[in-house]
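*Asks:* Below are the structure tokens for one structure; questions will follow.
All of the numbers you see were taken from the coordinates with simple rules; none came from a lab. Remember, predicted model here, so these are calculated numbers, not experimental data. Here Cβ is always computed from backbone atoms with ideal geometry, including for glycine, and neighbour counts include all displayed protein chains.
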Amino acid sequence: MRTSDVIVIGGGFAGLTAAITAAGRGKQVTLMTSGAGTLAIGGGTIDLLGYLEDSTLVDSPRDGLSRLAADHPYSKVGGQAVADAVQFFLSLCQEEGFAYTGSLDSNHWLATAVGTLKPSCLVPLTMDMTPVKTASHVVVAGFTRLKDYFPELIIKGLSKIPGYQKNYEQVVIDPGFVGGRDVTTLDIARWLDTPTGQQACFEQLGKHIRPGSVVIIPPVLGSRPNYDIRNKLEQALACKFVETVIMPTAITGLRLRAMLLNRAKKLGVNIMEQAHAAWAVQDGNRVTAVVTSNIDRERSYTTQAVILATGGFFGGGISADPDNVQEAVLHLPVVAPPDREEWGTLKLFSGAAQPFAKIGLKVDASLRPVDAQGRVLLENVYIAGRNLAGYDYCLEKSGNGVALVTGYTAGLNC
């Protein structure tokens with residue numbers, strides 16, 4: 001099929017959200033993706049807004065929205081669009097059997113693998129820390145040969161946080177893997193997908209669990225987007241499980257991506273994998289086709305609208321050379337300080353925003369690209385996700401939140 005109502009370029013969280021939204025409105029959608037992006041290895045949480053640019057902590061993302069700059073993506077689309085996107089996502093997850101919890105009114109605080117707490121807005125049920133707050137006995141579980149995961153570090157860190165001074169017990173579970181390489185969370189999740197793995201985990205944990213205990217565990221409770229493994233173990237052991245936030249690769253992101261792909265396929269989205277969008281055919285200020293370039297030849301796909309969700313510098317959506325900074329597919333102008341010395345600050349861990357993080361494409365309220373004077377460059381192109389200008393996702397803890405909100409809004413507007 002070479003003709004679509006909408007072509008979405010980019011298969012990350014923003015692109016999948018945009019494709020699902022547009023297809024849900026009856027549009028014929030083609031999703032072009034050259035890879036899984038960071039969604040598949042990320043934490044699977046939706047960080048909407050954890051900190052302001054001056055490092056002020058945000059307890060309520062809803063309240064924090066009004067304190068953002070006018071060029072922030074949330075400010076561009078408006079508070080109602082943010083609220084609508086959050087409700088859309090929560091409803092989607094519920095319908096797909098992989099419910100998330102959270103709201104715009106308050107952030108969750110999630111346990112990390114180094115014993116700290118991280119703010120996030122919408123989280124899988126397995127990461128909700130509420131059971132830990134009320135428990136008297138907490139088991140912190142690790143796995144033999146699991147790389148960079150140390151239960152004793154989690155216990156040491158959490159024990160210093162008010163409200164988390166608990167009776168902690170450390171347990172190491174042995175999945176019985178053989179071979180020389182490090183064990184990953186995906187290895188363990190697939191092990192727990194099996195009845196043999198579930199039984200072995202039950203037997204080893206059962207020696208330490210009391211009724212009402214809480215088990216803090218790495219994100220390994222199954223590889224699929226559901227809570228079947230958690231439910232089976234909780235019922236068998238009469239306890240609660242809480243998964244931690246870890247460095248990539250995290251199974252929580254893999255589950256989220258699988259759920260979104262399932263929904264997209266149900267809606268009839270045409271997913272083109274390893275489709276490298278190279279350039280576009282234009283008629284005036286409209287894009288009429290997207291051209292892909294692969295190892296054999298170029299192919300042209302006609303469309304009525306395009307959603308560009310190709311990521312920033314790390315995702316390849318924006319590129320920089322000594323003389324120029326540009327968007328990679330449509331060659332749209334990128335907002336960046338002309339002096340490269342102004343792209344960053346020397347104090348990387350000072351809590352201050354980094355100018356290079358805000359580099360991206362300027363858009364109007366509909367997320368269409370504009371020039372420096374605010375004139376719309378392409379009437380039927382919409383920008384979503386990390387290639388947008390005006391926000392520091394790392395400092396703000398807003399990466400997946402901006403992807404969700406702008407992907408949803410672009411899917412509506414197209």
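*Asks:* Under a point spin-label approximation (7 Å from Cα along Cα-to-Cβ), what is the residue 371-residue 298 distance to one decimal in nm?
*Replies:* It is 2.5 nm.
*Asks:* Now for a separate question. Report the gain in length on full extension from residue 202 to residue 66: 0.36 nm times residue separation, minus Cα-Cα distance, nm rounded to one decimal.
*Replies:* Using 0.36 nm per residue and subtracting the Cα-Cα distance, I get 44.2 nm.
*Asks:* Something else now. Using a simple charge model, +1 on the beta-carbon of Lys and Arg, -1 on the beta-carbon of Asp and Glu, nothing else, what dipole does the chain show about its Cα centre, in debye to the nearest 20?
*Replies:* 860 debye
*Asks:* Find which of 211, 356, 278 sits farthest along the positive direction of the dipole of the chain, computed with +1 on the beta-carbon of Lys and Arg, -1 on that of Asp and Glu, about the Cα centre.
*Replies:* Of the options given, the answer is 211.
*Asks:* Based solely on its DSSP helices, what 222 nm [θ] is calculated for the chain when runs of n ≥ 4 H residues each add -39,500 (n - 2.57) and the sum is averaged over all residues, nearest 500 deg cm²/dmol?
*Replies:* Helices in the chain give a 222 nm mean residue ellipticity of -8000 deg cm²/dmol.
*Asks:* Determine, for 266, 362, the number of other Cβ atoms within 10 Å of each Cβ, and report the residues in order from fewest to most.
*Replies:* The fewest-first ordering by Cβ neighbours comes to 266, 362.
*Asks:* In region 89-168, if the dipole is taken from +1 on Lys/Arg beta carbons and -1 on Asp/Glu beta carbons about the Cα centre, which of 108, 132, 150 is farthest to the positive end?
*Replies:* 150
*Asks:* Determine, for each peptide in 78-91, 363-376, the mean count of other beta carbons within 10 angstrom over its residues, then list the peptides with the highest first.
*Replies:* 78-91, 363-376
*Asks:* Assuming R0 = 60 Å, what is the FRET efficiency of residue 281 and residue 136, from their Cβ-Cβ distance, to the nearest 0.05?
*Replies:* Values: r = 65 Å, r/R0 = 1.09.
The computed FRET efficiency comes out at 0.35.
*Asks:* Oh, and also: When Rg is the radius of gyration of the Cα atoms in region 107-255 and Rh is its Kirkwood radius, what does Rg/Rh come to?
*Replies:* Taking Rh as the inverse mean 1/r over Cα pairs, Rg/Rh reads 0.92.
*Asks:* Distance from a point 7 Å along Cα→Cβ of residue 172 to each backbone N in region 114-150: keep the residues under 17 Å and list them by number.
*Replies:* Flagged as within label range: 140-150.
*Asks:* About its Cα centre, how strong a charge dipole does region 117-242 have in debye, to the nearest 20, once Lys and Arg get +1 and Asp and Glu get -1 at the Cβ?
*Replies:* 280 debye
*Asks:* Also, quick follow-up: Where both partners of a DSSP beta bridge lie in the chain, what percent of those bridges are antiparallel, to the nearest 5?
*Replies:* Working: 28 of 62 bridges.
The antiparallel fraction comes to roughly 45 percent.
*Asks:* Using only C-alpha positions, report the orientation-averaged shadow area of the convex hull of the chain, nm², one decimal.
*Replies:* Averaging across all directions leaves 21.5 nm² for the Cα convex hull.
*Asks:* Which of the listed residues, 338, 33, 383, is farthest toward the dipole's positive end in the chain, when Lys, Arg count +1 and Asp, Glu count -1 at the beta-carbon?
*Replies:* 33
*Asks:* In addition: For the pair residue 25 and residue 2, what calculated FRET efficiency results from E = 1/(1 + (r/R0)^6), where r is the Cβ-Cβ distance and R0 = 25 Å, to the nearest 0.05?
*Replies:* The formula returns an efficiency of 0.70 here.
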